[in-house]
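Student: Pasting a structure here, questions to come.
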Amino acid sequence: MRDFYGVTLPTPMMLGTARFPSPAVMEAAFRSSGASVATVSLRREGGAGQAFWDMVRGLGVHLLPNTAGCHSAREAITTAQMAREYFGTDWIKLEVIGHADTLQPDPFGLLEATETLCADGFKVFPYTTEDQVLASRLIDAGCKVLMPWGAPIGSGMGLNNVHGLRTLRAAFPDVAMVVDAGLGLPSHAAQAMELGFDAILLNTAVAEAEDPAVMARAFALAVEAGALSTASGPMAMRDMAVPSTPVMGKAWL
Amino acid sequence: MKIEVNGETRELAATHLAQALAELGWGEARVATALNGSFVPAAARDATELSPGDRLEVLTAMQGG
């Protein structure tokens, strides 16, 4: 089983902390899903930071700070440095956003920031696309985890490019990969795990469900089902039917 | 001197970053700081001098995806 910079997670589910209707609902979603990583952010101090910090520490999960909203390598690097000090972890979910509408990563800024941060001892979780060449460059820069998107952040569309994700998974068998962004339904999460990904990261699909705690549980079950499927070696798909009931011994009527 | 704190202009008596945080009411708060776009570690705040027009960012934990 692939690990995350030496850390084996009890469950392959990472959950964001944003957009929940209340802190209590967020905590309930963590409890019901058993998510083992919480993504967090840094924003200008407006008075609520200390209470949030106390709450996320109380979740008892690994914290993965992000650089959400950064549009340049420089911004992302500074944010990562601040997050490392604040959250006391060298894990960083590195986002360098390239386009305001699609929130797709800027591959050039992402690589630049990754090179600087890896050299500075960060354990970088880069939010990337399914692009195999970019993935290769990120791995060369020192990444031992990749976070390819399923679809644009918050879109809920699921896995937009299954072929690309399958190719990426096969190209780097030793690298832990998390499908991050765009998942909307538990079946999307199961599909990601069936493709051999090591975990999923989701936020909006749970936080904006009518009942976030129950939806979080649904995702957890789907992730477990997908992981068990991958571990148990699925049958090969065929073009033609093959009877499952033995033909031999059938009555001649 | 006047500096920009989280996007707002503030008049401060402080000459160093650690003093500025205390003056702004964040002396004991858990925050991360950047001055003019560069990270300033907590251990360096005492020795970090401020200049008029500096841009100070004082960040804290927030929900994130």
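Every number here is computed from the coordinates shown, using simple stated rules; none is lab data. For clarity, every value in this text was computed on a predicted model and none was experimentally measured. Every residue, glycine as well, gets a Cβ built from its backbone with ideal geometry; the counts of neighbours run over all protein chains shown.
Student: Would you please state the base-10 log of I(q)/I(0) at q = 0.14, 0.15 1/Å for segment A:95-253, with intensities from the Debye formula using one equal scatterer on every alpha carbon?
Tutor: Here the Debye-derived log intensity ratios amount to -0.74, -0.83.
Student: With contacts defined as alpha carbon pairs under 8 Å and 6 or more residues apart, what's the relative contact order of segment A:4-87 in percent?
Tutor: Relative CO of segment A:4-87 lands at 27 percent.
Student: May I pose another question? Is it possible to state the helix-based mean residue ellipticity at 222 nm for the protein assembly as shown, with each DSSP H run of 4+ residues giving -39500 (n - 2.57), the sum divided by total residues, to the nearest 500 deg cm²/dmol? What is it?
Tutor: When only DSSP H runs of four or more count, the value is -10500 deg cm²/dmol.
Student: Another question, if that's okay. For Cα pairs less than 8 Å apart in space and 6+ apart in sequence, what is the mean separation divided by the residue count of segment A:128-253, i.e. the relative contact order in percent?
Tutor: Once normalised by length, the contact order is 21 percent.
Student: So what are the ³J(HN,Hα) numbers for segment A:60-65, from phi and the Karplus equation (6.51, -1.76, 1.60; θ = phi - 60°), rounded to whole Hz, Gly and Pro as x?
Tutor: Karplus values, whole Hz, x for Gly and Pro: x, 10, 5, 9, 10, x.
Student: Mind checking which of A:Ala24, A:Ala83, A:Cys118 is farthest towards the positive end of segment A:1-125's charge dipole, using Cβ charges of +1 (Lys, Arg) and -1 (Asp, Glu) about the Cα centre?
Tutor: A:Ala24
Student: Still on this structure, please answer the following. How many percent of all Cα-Cα pairs in the protein assembly as shown sit more than 35 Å apart?
Tutor: For the protein assembly as shown, the share of Cα pairs beyond 35 Å comes to 27 percent.
Student: What FRET efficiency comes out for A:Glu208 versus A:Ala51 if R0 is 22 angstrom and r is the Cβ-Cβ distance? Round to the nearest 0.05.
Tutor: Efficiency, rounded to the nearest 0.05: 0.45.
Student: If you count, for every residue in A:84-90, the Cβ atoms of partner chains within 10 Å of its Cβ, what is the mean?
Tutor: So the per-residue partner count for this stretch is 3.
Student: What is the spin-label model distance, in nm, from A:Val162 to A:Arg31 if the labels are put 7 Å beyond Cα along the C-beta direction?
Tutor: It works out to 3.7 nm between the two label points.
Student: Take peptide B:52-59, look around each residue's Cβ out to 10 angstrom, count Cβ atoms belonging to other protein chains, and average those counts.
Tutor: Mean number of neighbouring Cβ atoms from other chains: 3.
Student: Defining a contact as two alpha carbons under 8 Å apart and six or more residues distant in sequence, what relative contact order in percent does chain A show?
Tutor: In percent, rounded to a whole number, it is 19.
Student: Excluding residues fewer than 8 places away in the same chain, name every one of the lysines whose C-alpha is closer than 19 Å to that of A:Lys123.
Tutor: Answer for A:Lys123, where 19 Å is the Cα cut-off: A:Lys93, A:Lys144, listed by chain and number.
Student: Averaged across A:43-55, how many Cβ atoms of other chains sit within 10 Å of each residue's Cβ atom?
Tutor: Taking the mean over all residues of the peptide, I get 6.
Student: Note down the nm distance, to one decimal, between modelled labels 7 Å out along Cα→Cβ at A:Thr230 and at A:Thr102.
Tutor: With each label point 7 Å from Cα toward Cβ, the separation is 2.5 nm.
Student: Sort the following peptides by mean Cβ neighbour count (other Cβ atoms within 10 Å, averaged over residues), highest first: A:75-85, B:43-53, A:111-121, A:241-251.
Tutor: Taking the mean over residues of other Cβ atoms within 10 Å, the ranking is A:75-85, A:111-121, B:43-53, A:241-251.
Student: Starting from the amide H of A:Met177, placed 1.01 Å from N in the peptide plane, find each other amide H under 5 Å away whose residue is 5 or more places distant or on another chain.
Tutor: Those lying under 5 Å, H to H, from A:Met177 are A:Leu146, A:Asp198, A:Ala199.
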